[in-house]
Structure formats: structure tokens, C-alpha cells
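The values are calculated or read from the model by the stated rules, or taken from the named source; none is laboratory data. Computed from a predicted structure; not experimentally measured. Cβ: placed from backbone, ideal geometry, glycine included. Neighbour counts: every protein chain shown. Note: areas computed on protein heavy atoms with side chains; ligands, DNA, RNA excluded. Shrake-Rupley method; radii C 1.70, N 1.55, O 1.52, S 1.80 Å.
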Amino acid sequence: MSGSLQLPLGIPFGSSPSFTELVGATRPEALPTALTDPPFAVPHGTTVLGLKFDGGMLMAGDRRATAGNLIADAKMRKVFAADDYSAIAIAGAAGQAVEMVKLFQLELEHYEKITGDRLSLEGKANRLAQMIRGNFPLAMQGLVVVPLFGGYDHRRNEGRIFYYDATGGRWEEDDYQTTGSGSQSAKNSLKKRWRVGLSRDDALRVAAEALIDAAEDDSATGGPDAVRGIWPVMVIVTTEGASDVPESEVAAAVDAVLADRRAAS
């Protein structure tokens with residue numbers, strides 16, 4: 001048989017069934033701007049993770065933000081306390097993500113002031129899903145925000161972790177989760193090191209090792225930098241509330257991981 005098979009109207013057999021892809025290939029100027037990438041480099045936050053341990057949950061993130069092939073910020077913070085008993089970690093378009101965090105924090109504070117009560121952890125996760133869904137038109141322009149959310153659920157007496165997609169889809173994770181450009185490497189590391197009943201100190205080391213592994217494989221993820229004093233940001237949430245892990249403890253966890261590797265080499 002000579003030549004390629006063709007469908008009516010001269011369309012090659014096996015072509016993508018996507019009308020958007022067809023228009024993009026033949027008449028890209030006809031696409032609405034919401035389906036094209038922004039015409040400028042947008043700083044993006046990269047790898048963040050969350051994991052459960054005995055007594056709560058931990059969220060951690062590297063510090064690098066990139067814009068194309070450039071490092072836009074080497075000290076960006078990507079992990080925040082959302083309120084007294086929850087935390088949020090961001091990946092995606094940095095400016096949009098930080099604004100979403102600020103608005104989410106204000107919404108939780110406003111709800112508590114107006115009602116005199118605190119939203120359940122499930123309710124907070126649902127509200128964040130609605131905010132991500134509201135960002136979908138901007139996500140179609142390349143300003144994607146995909147956070148992790150978690151906290152301590154006093155009704156269940158345990159830490160819980162939720163993850164999302166760009167449309168606002170929400171799922172709960174039973175052990176650990178990652179997102180961002182280095183997420184696969186970080187998740188592979190957590191798969192090896194995470195176990196049920198981790199202590200707080202062990203959780204710090206497991207998170208530090210996952211971020212180090214991600215930085216080794218992903219150029220957009222920044223590794224710890226002892227010379228400039230740049231360490232991952234970690235937030236712990238327990239029955240006592242959400243709090244930043246002191247930088248000295250994060251540095252000690254990183255040093256312990258690197259010491260183990262030197263001893264094994």
C-alpha cells in the first residue's frame with residue numbers, strides 16, 4: 001500500500017481527536033488567549049512535599065523559584081501555616097500561588113471571626129479546592145497553582161494530607177504526597193524511607209532526604225546550601241498547633257542525611 005491512509009476531508013488516519021490540537025496546528029491565531037502560554041517568563045516554585053508521622057504531619061519545600069532556565073529566587077518560601085492547625089505548600093506560578101495562600105489565610109481567619117468557630121479540616125480542604133477551581137482560567141494561560149494542604153484533625157486525632165490538580169480536584173493521601181517539578185524523585189525517596197509511626201525527628205530526616213534527592217535529579221529544585229545558609233522550610237502541625245521547624249533543626253537533619261551518605265560511600 002502506498003501513501004498514508006486518509007479520512008474524509010484529507011485528515012491523516014491516526015490524527016489526534018483533539019479539536020484544540022488541530023486548530024493549534026493549522027490556525028494557532030484562532031485560539032483564544034486563555035489557551036496559549038504567557039508571552040513572558042513567569043517565576044515558578046518547584047518541589048514541595050507532605051508526610052504524616054506519629055502525632056501529626058509535616059510539610060517541607062525547597063527554596064528555589066525558576067523562570068525558564070534562570071533562577072528567579074534562591075530563597076523563596078513555599079510552605080506556610082494556613083491557620084493554627086493547618087499548613088499549605090505551594091508549587092506552580094509563584095506570584096499567583098503566594099496570593100492564593102494569603103487569600104486562603106484571610107478566609108480562614110474571617111470565617112473564625114464571623115462564626116466564632118473554626119472550619120473543620122475537611123471544610124478547609126474543600127474551600128481551597130474551590131479557590132483552585134476559580135483559578136482555572138488563569139491556569140489555562142500557564143499560571144497553574146497546585147498546592148498541598150494538610151493539618152491536624154482533632155475529630156480523628158491524626159494528621160491528614162490533601163492534594164489537588166489544576167481543576168480543583170481534591171484527594172486525600174494516607175501517608176505522603178509530593179508536587180512540583182521534582183515531585184517524582186521526592187516521592188521515590190519517600191517511598192523508600194517513609195514508614196508508619198515515624199517520630200518527629202525521623203520525619204525531619206525523611207523529608208530532608210527527599211528534597212536532597214529531588215535536587216540531585218531536577219535542576220529546578222534547589223538543594224541545601226550551607227555556605228549561604230539556605231535550608232528547606234518545614235512546618236509541623238500537631239495537636240498543639242502549626243509551627244515552623246527551627247532552622248537549626250532543619251540544618252541538623254540535612255547534615256545527618258549527608259553524613260550517612262558520606263559514611264556509605
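Listed values, structure above:
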| quantity | calculated |
| --- | --- |
| Subset of the stretch 201-220 [in contact with a strand residue (DSSP E or B) (Cβ under 6 Å, 6 or more places away or on another chain) and either hydroxyl-bearing (S, T, Y) or under 22 Å from E158 (Cα atoms) (or both)] | A203, A207 |
| Within the stretch 64-76, tally of residues that are within 15 Å of Q96 (Cβ to Cβ) and either in a loop (DSSP other than H, G, I, E, B) or among the aliphatic types (A, V, I, L, M) (or both) | 4 |
| Among the residues listed as M57, M76, the single one being more than 18 Å from Q184 (Cα to Cα), touching a Lys or Arg at 6+ places or on another chain (Cβ under 6 Å), of a type in the set (A, V, I, L, M, F, W, C) and open to solvent by less than 40 Å² (accessible area, probe 1.4 Å) | M76 |
| Hits in the stretch 124-168 - residues which are small (G, A, S) and in contact with a strand residue (DSSP E or B) (Cβ under 9 Å, 6 or more places away or on another chain) | A125, A129, A139, G142, G150, G151, G159, A166 |
| Unmet criterion (only one of (1) modelled with pLDDT of 90 or more; (2) of a type outside the set (S, T, N, Q); (3) surrounded by 13 or more Cβ atoms within 10 Å (Cβ to Cβ); (4) within 20 Å of G168 (Cβ to Cβ)) for Y85 | (4) |
| The lone exception for F162 - which of (1) under 18 Å from V48 (Cα atoms); (2) part of a strand (DSSP E or B); (3) open to solvent by 10 Å² or more (accessible area, probe 1.4 Å) it fails | (3) |
| Test: residue in the stretch 119-140 that is in contact (Cβ under 8 Å) with a residue 60 or more places away in the chain, within 19 Å of D54 (Cβ to Cβ) and not in a loop (DSSP other than H, G, I, E, B) | no |
